[in-house]
Amino acid sequence: MKWQDKYSVNDDLMDKQHQKLFEIVNRLEEHMLSDSALNQLVQTLEELSDYAWVHFKAEEIILDELNIKNIVAHKEEHFLFKKKIMDTTQKFINDKNIEQVSELHSFLVHWLQNHILKIDMMYKV
Ligand SMILES: [Fe+2]
């Protein structure tokens, strides 16, 4: 995933956190493609889920402050995103099937692009 200006929400902290999410997702892909050890993949998945939590918490403070519409739906999207990562990580730990990490990676790329461009842009000032 490559950061582009179109992803900017005009908030330095949010842009930096979104860039960091891109970076972790890219690292996940590198580990997938280079046959890295399973624990490196799991570690990266856990880092992603932890960081997504940090980011969503910070972003939701902004949403609450601005009191824009669709806050509930926005938070629900965040919740489902974290849940998807955590569920897939748990499944992967159990069955070691790399296929589902690859599917998750595609999901993450599309979700992040769509979410930033369509949902997060609503709080851009
Ligand atoms: Fe968001």
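Read-outs throughout are calculated quantities, based only on the coordinates presented, and are distinct from any laboratory measurement. Computed from a predicted model, the values in this text were never measured in an experiment. Counting neighbours? That spans all protein chains shown, and the Cβs are built from the backbone with ideal geometry, glycine included.
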Original post:
Taking Cα atoms, how many degrees apart are the long axis of helix 98-114 and the longest axis of the chain, rounded to 10 and kept between 0 and 90?
Top reply: 10
**OP:** Work from the charge dipole of region 5-123 (Cβ charges, +1 for Lys and Arg, -1 for Asp and Glu, about the Cα centre) and give the residue of Ile62, Gln90, Met121 farthest towards its positive end.
**Re:** Gln90
**OP:** Rank the residues Ile62, Ile116, Ile68 as a footprinting-exposure proxy: fewest other Cβ atoms within 10 Å of their Cβ go first.
**Re:** Ile68, Ile62, Ile116
Original post:
What is the dipole size for region 5-123, taken about its Cα centre, with +1 at each Lys and Arg Cβ and -1 at each Asp and Glu Cβ, in debye to the nearest 20?
Top reply: 240
Original post:
By how many degrees, 0 to 90 and rounded to 10, does the Cα axis of helix 71-95 deviate from the longest principal axis of the chain?
Top reply: 10
Original post:
Taking 0.36 nm per intervening residue step and subtracting the Cα-Cα distance, what contour gain separates Lys57 from Ile93 on full extension?
Top reply: 10.3 nm
Subject >> Per-residue [θ]222 nm for the chain (sum of -39500 (n - 2.57) over DSSP H runs n ≥ 4, rounded to 500) >> reply: -26000 deg cm²/dmol
**OP:** Quick one: order Lys20, Lys83 by neighbouring beta-carbon count within 10 Å, fewest to most.
**Re:** Lys83, Lys20
**OP:** Quick one: angle between helix 12-33 and the longest Cα principal axis of the chain, in degrees between 0 and 90, rounded to 10, please.
**Re:** 20
Subject >> R0 of 25 Å, Cβ-Cβ distance Leu33-Lys118: FRET efficiency to nearest 0.05 >> reply: 0.30
